[in-house]
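Okay, structure first, notes after.
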Amino acid sequence: MIRKEIEHLAINIDELHTHPSNVRQGDIGAISESLQAHGQYRTIIYQQSTKRILAGNHTWKAAKALGWTHIAATPVICDDEQALRILLADNKANDLATYDEPELIELLKQLADTDKGLLGTLFDGDELDSLIADQQHYEQPTPPD
């Protein structure tokens with residue numbers, strides 16, 4: 001389901017196509033889980049002239065796999081070269097992102113203590129336990145020589 005805030009941007013899902021030069025490998029299962037838990041909360045970005053997706057190729061694939069007939073999308077007017085640059089920049093920007101792990105642990109702990117637990121976060125209890133263990137190991141003082 002497309003969230004109410006962006007449903008006015010919905011188009012027929014079959015109007016768009018994945019970009020043939022998208023070399024990114026996405027986790028369709030994880031994205032499907034997020035779409036089922038939260039709906040689509042950000043638009044797919046596509047090149048207006050070709051209808052090729054520049055950002056959100058795997059979200060589109062997940063929505064198709066879920067049987068969606070419409071998806072919220074925003075067109076970008078650009079030539080093919082700039083389209084490739086946008087496609088690559090979007091993927092690389094995601095690669096460069098990191099977490100503030102102590103803050104992440106606190107957020108996950110906070111949600112884990114609710115009725116829904118970690119549902120819809122794409123994290124599970126084992127990952128939280130691993131993050132906590134890694135953080136505790138990192139914080140242990142080094143024994144003197």
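Could you tell me how many degrees, from 0 to 90 and to the nearest 10, lie between the Cα long axis of helix 125-139 and the main elongation axis, the longest principal axis, of the Cα atoms of the chain? In the chain, helix 125-139 runs at an angle near 50 degrees to the longest axis. Segment 101-137 and segment 20-50 have their alpha-carbon centroids 25 Å apart.
Rounded to the nearest 10 degrees, the angle from helix 80-96 to the longest Cα principal axis of the chain is 10 degrees.
Ranking request for peptides 111-117, 41-47: highest mean number of other beta-carbon atoms within 10 Å first, then the rest in descending order.
Values: 111-117: 11.1, 41-47: 19.1.
Packing proxy ranking, top to bottom: 41-47, 111-117.
Highest GNM mean-square fluctuation among A133, A89, A72, for the chain modelled with Cα contacts below 10 Å: A133. Over the Cα atoms of the chain, the radius of gyration divided by the Kirkwood radius equals 1.09; this is the Rg/Rh ratio.
If R0 is 25 Å, what FRET efficiency do you get for E127 and R24 from their C-beta distance, rounded to 0.05?
Values: r = 22 Å, r/R0 = 0.89.
Taking R0 as 25 Å, the efficiency between E127 and R24 is 0.65.
Rounded to the nearest 5, the antiparallel percentage of DSSP beta bridges internal to the chain is 45%. For I28, the shell of other residues with beta-carbons less than 11 Å away shows a net charge of 0, using +1 for Lys and Arg and -1 for Asp and Glu. Between 0 and 90 degrees, the angle of helix 101-112 with respect to the longest Cα principal axis of the chain falls at about 80 degrees.
Each residue, D14 and Y138, gets one label point 7 Å from its Cα in the Cβ direction; the gap between the two is 4.9 nm. By the gyration tensor of its Cα atoms, with a ≥ b ≥ c the square roots of the eigenvalues, what is the shape of segment 28-103: rounded for a/c under 1.5, prolate for a/b over b/c, or oblate? Oblate shape, in that a/c is at least 1.5 and b/c is the bigger or equal ratio. Using 0.36 nm per residue, how much length does the chain from Y99 to A37 gain when fully extended, once their Cα-Cα distance is taken away? Extending this stretch completely gives an extra 20.1 nm.
Read-outs: derived from the displayed coordinates by stated rules, not from any lab. Since the structure is predicted, the reported quantities are computational estimates derived from the model, not experimental observations. Reconstructed Cβ throughout: ideal geometry from the backbone, glycine too, with neighbour counts over all protein chains shown.
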